[in-house]
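To keep things clear, I will list the structure first and then write my remarks on it.
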Amino acid sequence: MSGRGKMTRRQKNKRKLIAFAIEVVLLLVLLLVLWFAIKLSKINSIKTDAAKHNDLDENTLEVMGKYTNIALLGLDNRTSGSYTSGNADSIIIASINNDTKDVKLVSVYRDTYLQVTEEGKYFKVNSAYSRNGGALGMVETLNRNLDLDIQKFVTVDWKAVARTVDLLGGIDVELTAKEAQQVNKYTRKDTIKVTGYESNQEAVEGYNTLDGVHAVAYARIRKGVGDDYKRTERQREVVTKMLAKMKKCGFGALSNIMDEVFPMISTNFSKTELLGLAAGVMDYDIIATKGFPEDNDGKNMGSAGSCIIPISLLTNTIKLHEFLYEDEAYIPSVTVQQISNQIIYDSGMAPPKTE
């Protein structure tokens, strides 16, 4: 302290107080991180190989590298907690802009006719989960057909969705008379049995606060109420409203969700990656959603059943990249061009000659 005089007792005490406050803040941060880590350890986090993707040009890879791309997969299993088999009843591509935290969702229609297996077999895309050994095989099918580089997936079943909605206090949805009738029908038919949760609610025409069981039923209905096109729209609506409700719920509700729902989730996100995503959840904002393929028609494809045919896969994939990544310079890979040509050959459904 030479040249400036000795430090007074008050100054010493002030420095000690500041140092103590910093230590307390650091301790609280460490405790918060530890708390999150303990909660995240409940998730069934599995290690997988890197998902294969097409030989994409540098521009496409650079553009997609600015986003976190996740496959959100909902299984149509009649038993809870089984993530190694079954078909993907819900296939949603979530693309998060790493800078703005804006999120876009794209539902791939489950009946879309695509090249499902790496050996070149064509079926409904929802069967890629069971035919290719689970979530990683599903992701690789999406990458191959849509020129994507998805590496991460999150898989849930009906029970996980139902419990999350219940812990959030339900979601508000406006139902038509036909939708309400179908929600009640699906609820009684098997949703209560599969999820294991009871419900005394009766869906009615107009605004409803749907509990977990009815929210799952709402996300599943399709026949006579818009088929798969409208159903995927409902699924995205449920996801959007769950995120909005989660951003507003209290610490206790979030803690309960982590305790009860996290054990029902299967993902290849590491604990560190999940911690990073959780830290930014309040900043995420779903700004746009749509279904894929945008241009399509229906046709019975023999052993593959009644399918949705992209017309053509080439132009639909171009539109997909424009929507998700605002990439107007995207050039489809040779693989996507070949798959698109094969679908035209198999279905006999070609795009306009101008294309």
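Observations, loosely collected:
- Intensity falloff of the range 106-238 expressed as log10 I(q)/I(0), Debye formula with alpha-carbon point scatterers, at q = 0.17 Å⁻¹: -0.93
- For the range 176-298, size of Cβ-based charge dipole, Lys and Arg +1, Asp and Glu -1, in debye: 260
- Pairs from the list K121/K193; K189/K241; K42/K290; K152/K223; K101/K121 with a Cα-Cα gap above 29 Å: K121/K193; K42/K290; K152/K223; K101/K121.
- 222 nm mean residue ellipticity, helices alone, for the chain (DSSP H n ≥ 4; -39,500 (n - 2.57); rounded to 500): -14000 deg cm²/dmol
- Sorting K16, K159 by the number of Cβ atoms found within 10 Å of their own Cβ, with the fewest placed first, yields K16, K159.
- Each residue, I331 and D297, gets one label point 7 Å from its Cα in the Cβ direction; the gap between the two is 3.1 nm.
- Prolate/oblate/rounded label for the range 190-337 (Cα gyration tensor, a/c 1.5): oblate
- Mean Kyte hydropathy of 0.0 or more with a Cα span along the axis of at least 24 Å, helices from DSSP in the chain: 9-40
- Remark: spin-label model distance E174-T272 equals 4.7 nm, labels positioned 7 Å along the Cα→Cβ axis.
- Separation of the L27 and Q11 label points, Cα + 7 Å toward Cβ, nm: 2.8
- Vicinal HN-Hα couplings computed from phi for the range 46-55 (Karplus, 6.51 cos²θ - 1.76 cosθ + 1.60; Hz; Gly/Pro x): 10, 8, 10, 5, 5, 6, 6, 9, 5, 6
- Sites Q342 and N200 - FRET efficiency at Förster radius 56 Å, r taken between beta-carbons, to 0.05: 0.65
- Charged-residue dipole, Cβ positions (Lys, Arg, Asp, Glu), the chain about Cα centre, Debye nearest 20: 2200
- Residues in the range 210-241 reached by a label modelled at A288 [backbone nitrogen below 16 Å; 7 Å Cα→Cβ]: none
Laboratory data are not the source of any read-out in this text; all were calculated from the coordinates shown. From a predicted model like this one, the values you see are computed outputs, not experimental measurements. A quick note on method: Cβ atoms are made from the backbone with ideal geometry, for glycine too, and the neighbour counts reach across all protein chains shown.
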